[in-house]
Amino acid sequence: MTMRPSRRRPAGRSRVPESRGQRLGQLGMLAGGLAVGGAAEALRRLSGVAPAAGHILLSGANGRRLAKRLSSMRGAAMKLGQMLSLEGEDLLSPEVAEALAQLRDNADAMPREQLLEVLGREYGADWRSRFGDFDEEPIAAASIGQVHAATSLAGDELAIKIQYPGVASSIDSDIDNLAAAFRIARILPGELDFDPLVAEAKRQLRSEADYATEAGHLRRYADLMAGEPDVVVPEVYEELSSPRVLAMSRLRGVPLEDLCSPQHTEAERDAAAALLMRLTLREVIEFGFVQSDPNLGNYMLLEDGRIGLLDLGAGYALPDWLQEGYTTLLRAALAADYEGIAEAVTRIGFVTEADGDVARKAVAELVWLATEPFRAAKPYDFQKSDLASRARNAGTALVMEHGHLRPPPPEALYVQRKLGGIFLLCTRLRARVDARRLLEEALA
């Protein structure tokens with residue numbers, strides 16, 4: 001198997017706006033730019049120069065303007081855009097989906113002078129003496145921080161994740177202001193309940209912005225993966241880490257999404273998807289601890305064919321009642337036990353007795369549909385399945401018929417995100433997965 005070089009250059013370089021005022025100003029320019037670009041696009045369409053299809057505010061250069069602005073801001077603003085991008089065209093218009101998809105692994109890096117300022121604050125003026133070598137050119141840049149290659153004084157290869165300045169203190173204001181801009185610009189469907197996504201983005205960012213917490217998650221997950229030879233979790237170097245810098249052993253490979261390229265086979269894609277689904281089921285049923293952000297950028301295809309886990313900032317420990325509830329639900333799904341599913345959704349808190357039997361049945365039917373891959377008699381072909389659109393239509397019908405049902409407990413959002421995300425990952429990998437067999441093994 002031929003591997004491309006592991007270095008992935010950031011989109012560009014720009015200074016991270018650190019103060020709340022600076023970040024609010026950036027969002028103001030974004031909103032204004034969208035409005036001006038939208039007006040120009042509207043005039044072009046009225047004059048017959050451009051096609052009438054598509055969303056005016058995110059057509060052509062305006063969509064690229066949105067992605068570029070969020071990429072230069074990094075932090076919570078970019079993370080919210082990434083989370084929306086994972087919804088794909090099932091929720092978003094093609095223009096919105098295409099523009100936000102650029103954010104998945106495409107942040108700007110800090111300029112050298114800002115990088116040195118951060119390193120000096122974290123390690124002190126003599127920070128270079130703590131490394132055998134430190135490459136000032138980043139190998140990756142994401143929404144929360146950028147990663148640099150280094151070596152320890154003992155010669156170990158390291159990946160040093162450095163948090164952008166101002167990210168942790170601007171989480172709530174960034175997300176609230178960006179959500180307001182999106183609402184005003186009306187670039188999301190009018191029927192979308194944006195509040196749960198906003199709340200989840202804030203929760204996830206607060207967790208991911210604490211690198212000491214992530215270090216603990218990495219150690220815990222490494223212990224859980226002791227019996228999984230095909231999964232690699234980076235080792236944490238405590239003496240070089242802090243709440244804003246995370247020093248880890250360096251993994252070499254390419255993004256997992258490279259499996260979709262012609263140089264890789266269908267069998268390789270199927271095997272990777274099956275491994276990640278098996279891990280997901282073990283997380284929920286056996287470990288009670290999930291990596292709740294299963295996007296492709298958090299996994300790496302290593303040079304030896306194994307899969308490396310790059311990010312545990314979104315790790316979450318399930319309370320016992322939630323782990324038991326989802327185990328009951330998955331067991332009922334496997335047994336095609338409709339009544340068992342109905343009992344489980346009540347137990348988890350998707351509905352209560354006060355909602356009535358009609359609402360309870362409707363939610364159970366939606367969950368029954370969503371667990372379809374676990375009842376398939378043969379490997380489930382995620383590429384050819386229209387499950388996502390059928391589930392979306394069923395969810396819309398549920399809301400229209402029964403009104404706004406109570407949201408599930410916040411704790412359930414983590415598991416929903418992981419289960420839904422792993423299905424989406426399998427779809428993006430165009431994989432066929434024997435989900436039924438994997439669930440049988442997890443429940444055995």
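Taking the range 287-310 as the range and being under 17 Å from Gln204 (Cβ atoms) and either without any contact (Cβ under 8 Å) to a residue 24 or more places away in the chain or part of a helix (DSSP H, G or I) (or both) as the test, the residues that pass are Leu296, Gly297, Asn298. Within the range 429-444, the set of residues being surrounded by fewer than 20 Cβ atoms within 10 Å (Cβ to Cβ), touching a residue at least 12 places away in the same chain (Cβ under 8 Å) and of a type outside the set (Asp, Glu) comprises Arg430, Arg436, Leu443. Going residue by residue through the range 270-286, is there one that turns out to be outside the structural domain of Asp133 (by TED's automatic domain parsing), part of a helix (DSSP H, G or I) and farther than 27 Å from Lys378 by Cβ? No, the conditions are met nowhere in the range 270-286.
Of everything in the range 314-348 that is among the β-branched types (Val, Ile, Thr) and under 18 Å from Phe289 (Cβ atoms), the residue that is modelled with the highest pLDDT is Thr327. Looking at the structure I just gave you, is Ala442 modelled with pLDDT of 85 or more and more than 26 Å from Ala199 (Cβ to Cβ)? Against the criterion (modelled with pLDDT of 85 or more and more than 26 Å from Ala199 (Cβ to Cβ)), Ala442 qualifies. Within the range 198-255, the set of residues being more than 14 Å from Tyr316 (Cβ to Cβ) and either touching a Cys at 6+ places or on another chain (Cβ under 6 Å) or β-branched (Val, Ile, Thr) (or both) comprises Val198, Val231, Val232, Val233, Val236, Val245, Val254. Kindly evaluate Ser129 against the criterion of being surrounded by fewer than 16 Cβ atoms within 10 Å (Cβ to Cβ), modelled with pLDDT of 85 or more and of a type in the set (Ser, Thr, Tyr). Criteria met by Ser129.
In the range 247-260, the residues that are farther than 19 Å from Asn295 by Cα form Cβ pairs under 6 Å with partners that are assigned to a strand (DSSP E or B) and not β-branched (Val, Ile, Thr), at six or more places apart or across chains, as follows: Ala247/Leu158; Met248/Ala159; Arg250/Glu157; Arg250/Leu158; Arg250/Ala159. Restricting attention to the range 360-381, the residues that are within 30 Å of Ala272 (Cβ to Cβ) and part of a helix (DSSP H, G or I) total 9. Would you be able to say whether some residue in the range 207-226 is modelled with pLDDT under 75 and farther than 28 Å from Ser170 by Cβ? No, that holds for no residue.
Hey, among Gly421, Gly340, which residue is surrounded by 16 or more Cβ atoms within 10 Å (Cβ to Cβ), of a type outside the set (Val, Ile, Thr) and more than 29 Å from Ser261 (Cα to Cα)?
One residue alone meets the criteria, Gly340.
So, in the range 347-359, of the ones that are part of a helix (DSSP H, G or I) and touching a helix residue (DSSP H, G or I) at 6+ places or on another chain (Cβ under 6 Å), which residue ends up surrounded by the most Cβ atoms within 10 Å (Cβ to Cβ)? Ranking the qualifying residues of the range 347-359, first place goes to Ile348. Please tell me if Ala226 is assigned by TED's automatic domain parsing to the domain that holds Trp321 and hydrophobic (A, V, I, L, M, F, W, C). No.
The values are calculated or read from the model by the stated rules, or taken from the named source; none is laboratory data. What you are looking at is a predicted structure, and each value in this text was computed from that prediction instead of being measured. Here the Cβ is made from the backbone with ideal geometry for all residues, glycine too, and neighbour counts use every protein chain on show.
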